[in-house]
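The values are calculated or read from the model by the stated rules, or taken from the named source; none is laboratory data. This one's a predicted model, so the numbers in the text were calculated from it and none came from an experiment. Positions of Cβ are generated from backbone atoms using ideal geometry, with glycine treated the same way; all protein chains shown enter the neighbour counts.
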Amino acid sequence: MRRRGRSASGRWGVALALALGSIGGPARAQEISASAGLGHAWSDNVYFSRTAAADHALVPSLRAGVDFATYWTVDYDGSAELYTEHTDLSSSAHTLRVIANPAWGDDDQNELALVAAVETLRNDDAYSSLNFVGPRLTAALTLEPLPWLAWQVAADVRYRRFYDDPVSDSLDLMPRGQVRFTLPSRTTLTPRVAYGLRYLPGLKGGQGTGRPQRTESQIDAGLHVSQGLWATGGLQADYSWRHLFSASALLPTRLTQAQFAFLTTDFLAGGHRVYVKLKQVLPYGLSLLAGGEWRTLRYSGWPAVDSAGLATADDREDRRLGPTASLAFVHRFGGTRVGATLAYQWVRQWSTSYDFDTTGQLVTVEISAGF
């Protein structure tokens, strides 16, 4: 059985962006912009499984938007992932948004963001179970009552209608909140907490099984720390913890599919994540970012398998180590902004499930230009 997590390929992004045009008037300023992109990335393990397979991906993208003078914005994002060898992994995604973002205060430090969006994802036939369309509503209120204190509360409501897999239809509610403390020592502390509730309207009970469990929930908590070390360098550290209140109700169905795929680990895996990053600004518009990540993931209800492909008595658990490094260049030539980034990531994953005990590498190159 070949299983694939879409969240891994979603991180592949390399863009060549061209921002075009703006118009304005004396009574109401207005800006119209558009950008096109082309991405490229290489990995020696696109499935992130023990049977490693290398591939190159091209990622063309398009963005267009209209910003109005007060606080209204309408924009569109579209992109595709085109694999040169494993063409069954190719996909395209599109999002159309309407945003209202009023701000107030002496420096507009307080703001309310209201976003209405329609999202869609299309894959080739092998992963058609991921194809969806649906609306998404987001509201976020940010207030900064004191120079050293700011807080935010927000909520997302999202519905996904899966074209080829209606059993996976989902309605998600995700409220969250965070508080940011800025200390005289150039230290910023940001604790946060979020709750997720999912309802599965398409899940039906089998013969003799009674009413199925259609709700799933999770809680996320974490702390982000940033510390200025010297004038041109700083450190970031982050810890997050996720707890699932029940195993995914869709797993028994998913594990029997020939091509098992998932969009994210929301409502699927819990555990811990820690990362540390050091950024150093260099002369001539260069900057260096280096760090590492450690994750533990427990997939409740997903049986681990041994080298013979037989299920064991344990659930799948992964421990993942991922050092990364990137070198970036940014420079302005008049009104034109030019940038380039070279990034490398190595991942070592230890898993109780034989198929996922593996390593992988990812190399990306990014070139951008904005006008």
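Residues that are in contact with a helix residue (DSSP H, G or I) (Cβ under 9 Å, 6 or more places away or on another chain), of a type outside the set (Lys, Arg) and in a loop (DSSP other than H, G, I, E, B): does the range 202-218 have at least one? Checked the range 202-218: at least one residue is in contact with a helix residue (DSSP H, G or I) (Cβ under 9 Å, 6 or more places away or on another chain), of a type outside the set (Lys, Arg) and in a loop (DSSP other than H, G, I, E, B). Just one of the listed residues (Asp124, Asp156) is farther than 17 Å from His94 by Cβ and either in contact (Cβ under 8 Å) with a residue 24 or more places away in the chain or surrounded by 15 or more Cβ atoms within 10 Å (Cβ to Cβ) (or both), namely Asp156.
The single condition among (1) surrounded by 17 or more Cβ atoms within 10 Å (Cβ to Cβ); (2) under 30 Å from Gln227 (Cα atoms); (3) without any contact (Cβ under 8 Å) to a residue 24 or more places away in the chain that Arg295 does not meet is (3).
Asp164 meets each of the listed conditions (1) modelled with pLDDT of 95 or more; (2) touching a Ser or Thr at 6+ places or on another chain (Cβ under 8 Å) apart from (1). So is Leu203 touching a Lys or Arg at 6+ places or on another chain (Cβ under 6 Å) and within 30 Å of Asn123 (Cα to Cα) or not? Yes: the conditions hold for Leu203. The listed residues are Arg254, Arg242, and the only one of them that is modelled with pLDDT under 90, of a type in the set (D, E, K, R), surrounded by 14 or more Cβ atoms within 10 Å (Cβ to Cβ) and over 29 Å from His331 (Cα atoms) turns out to be Arg254.
Checking the range 68-78 against the condition returns no match, with no residue being touching a residue at least 12 places away in the same chain (Cβ under 8 Å), of a type in the set (Asp, Glu) and not in a strand (DSSP E or B). On inspection, Arg211 fails the criterion of being of a type in the set (D, E, K, R), more than 30 Å from Asp315 (Cα to Cα) and surrounded by fewer than 17 Cβ atoms within 10 Å (Cβ to Cβ).
Listed by first and then second residue, the pairs with beta-carbon distance under 6 Å, at least 6 apart or on different chains, first residue in the range 224-243 and closer than 15 Å to Val193 by Cα, second in a strand (DSSP E or B) and among the charged types (D, E, K, R), are His224/Asp238; Ser240/Arg273; Arg242/Asp220. The residue list Asp355, Asp318 contains one member that is assigned to a strand (DSSP E or B) and crowded, with 18+ Cβ neighbours inside 10 Å, which is Asp318.
Kindly indicate whether Arg63 is touching a residue at least 24 places away in the same chain (Cβ under 8 Å) and of a type in the set (Lys, Arg).
For Arg63, the condition - touching a residue at least 24 places away in the same chain (Cβ under 8 Å) and of a type in the set (Lys, Arg) - is met.
Every test in (1) among the hydrophobic types (A, V, I, L, M, F, W, C); (2) closer than 30 Å to Gln349 by Cβ; (3) surrounded by 17 or more Cβ atoms within 10 Å (Cβ to Cβ) is passed by Ala113 save one, and that test is (2). Scan the range 164-185 and report the pairs whose first residue is at positive phi and whose second residue is surrounded by 17 or more Cβ atoms within 10 Å (Cβ to Cβ) and part of a strand (DSSP E or B), with Cβ atoms within less than 7 Å and a gap of 6+ or a chain change. As it stands, the answer is none, since no pair meets every condition given.
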